[in-house]
Amino acid sequence: MIILKSPEEVGKIERAGRIVAEVLQELKAQVKPGVTTLDLDRIAEEGIRKRGGLPAFKGYRGFPATLCASVNNEIVHGIPSKRTLQEGDIIGLDLGAIVDGYYGDAAITVAVGAIRPEVQHLVRVTEESLYRGIEQMKAGNRLSDVSHAVQTHVEAAGYSVVKDFVGHGIGQSLHEEPQLPNFGKPGQGPRLRAGMVLAIEPMVNMGKDGVRVLGDHWTAVTEDGSLSAHFEHTVAVTEAGPVILTSNNGRA
Ligand code: MG
C-alpha cells in the first residue's frame, strides 16, 4: 500500500531532508585525499545530531554507521572504515535523517581531488539521470515513466543502471511502497498522485550491471570491477509538480 502524506507530513519529511542536504554539503567539503571514510561518518553523525535529527541508517537492520560511504567500484552500502581516500577516487555519500518520526534520504557522488574526464562523465550522467527521473514525477504519470526516463538517459551514454537495488517510498519508514526501479518500460505501475513521497536513486555502473555483495553482507560492488556512481533525492509529488525535499536552500 502506498501511503499518501498530508502537507504537514511532507513538511516533516522536508525538515529531515534539509538536514540531510546540509550535512551532505558539509561532507562534500571534507572529501579530500587522506581523509578516511570513518572521519566522514563522524562528521555526518555530529552534523545530523546538532541539527536536531537522528541518523536513519545507524542500526537499520544492523547497519553499523550513520553514513553509507561507497568508493569507486562500490555501488552502495559501503561501511565507513579506516580506508583513506586517494586522489582520483570517487565516493558515494548516502545519508538519512529522522525528524519527528519522519525520514529524509539523499545521496551524492563526489570526486576526491582531480578525477579523469571519463569518470567525471559517469558522475555527471548519473546526476542528470536523477533529474530526468524527477521531471517525470508528475501527478497522473505512471511510476515506470520515472524509471524509464532514468534508464534511457543512462543507456544513451553507454552505461548500465543497477537492477538489484531500487528507489522507494519514504515517510514514517525509511523504505515504504512502492519500489522505484531505475529501469523499465514506460506507462506501467501505479499512477502518481499528490501526496506520494519517493526516494529516487539511480545507481549507474560504467561497465555491466552485475552486482556482488561482499562478505560484510552490506557493501555492494560491481561484478566487473567497473566504477559506479549514485545520486538520490527524496521528492514529493504535488499538484504543482515534483518538489525536492532534500535540497539545500532550494538548490538541488
Ligand atoms: Mg534510499
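The table below gives the values:
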read-out: Gain upon complete extension [E128, K185; 0.36 nm per residue less C-alpha separation]; value: 18.6 nm
read-out: DSSP H segments from the chain that extend 24 Å or more along their own axis, Cα-based, with Kyte-Doolittle mean of 0.0 or above; value: none
read-out: Lysine-lysine proximity count for the chain, Cα under 23 Å, sequence distance 8 or more or distinct chains; value: 14
read-out: Among G133, G207, G171, residue whose mean-square fluctuation peaks in a GNM of the chain (springs only between Cα atoms under 10 Å); value: G207
read-out: Selection from V161, L174, N205 lying farthest towards where the dipole of the chain points positive, charges on Cβ; value: L174
read-out: Convex hull volume per residue for the range 16-149, taking Cα atoms only, in Å³; value: 120
read-out: Mean Cα-pair separation over length for the range 29-140, i.e. relative contact order, pairs under 8 Å, 6 or more apart, %; value: 25
read-out: Gain on full stretching of the segment that runs from V213 to E135 - 0.36 nm per residue minus C-alpha separation; value: 24.9 nm
read-out: Within the chain, helix-based [θ] at 222 nm, where runs of 4 or more DSSP H residues each add -39,500 (n - 2.57), nearest 500; value: -9500 deg cm²/dmol
read-out: Part-to-part distance (alpha-carbon centres) for the range 30-93 and the range 197-252, which is given in Å; value: 15
read-out: Radius of gyration and maximum dimension Dmax of the range 1-93, Cα, Å; value: 14.7, 46
read-out: Stretch gain in nm, segment K82-A157, where the contour uses 0.36 nm per residue and the Cα spacing is subtracted; value: 23.6 nm
read-out: Cα-based shape type of the chain, given that a ≥ b ≥ c are square roots of the gyration tensor eigenvalues and the cut on a/c is 1.5; value: oblate
read-out: Size of charge dipole - the chain - debye, nearest 20, with Cβ of Lys, Arg +1 and Asp, Glu -1, no other charges; value: 260
read-out: Candidate residues H230, H148, H153: accessible-area rank, largest first, probe 1.4 Å; value: H148, H153, H230
read-out: By accessible area with a 1.4 Å probe, ligands and nucleic acids excluded, highest first: order of R49, R18; value: R49, R18
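The values are calculated or read from the model by the stated rules, or taken from the named source; none is laboratory data. From a predicted model like this one, the values you see are computed outputs, not experimental measurements. Cβ: placed from backbone, ideal geometry, glycine included. Neighbour counts: every protein chain shown. Keep in mind that these areas ignore ligands, DNA and RNA; they rest on the heavy atoms of the full protein, side chains included. Shrake-Rupley method; radii C 1.70, N 1.55, O 1.52, S 1.80 Å.
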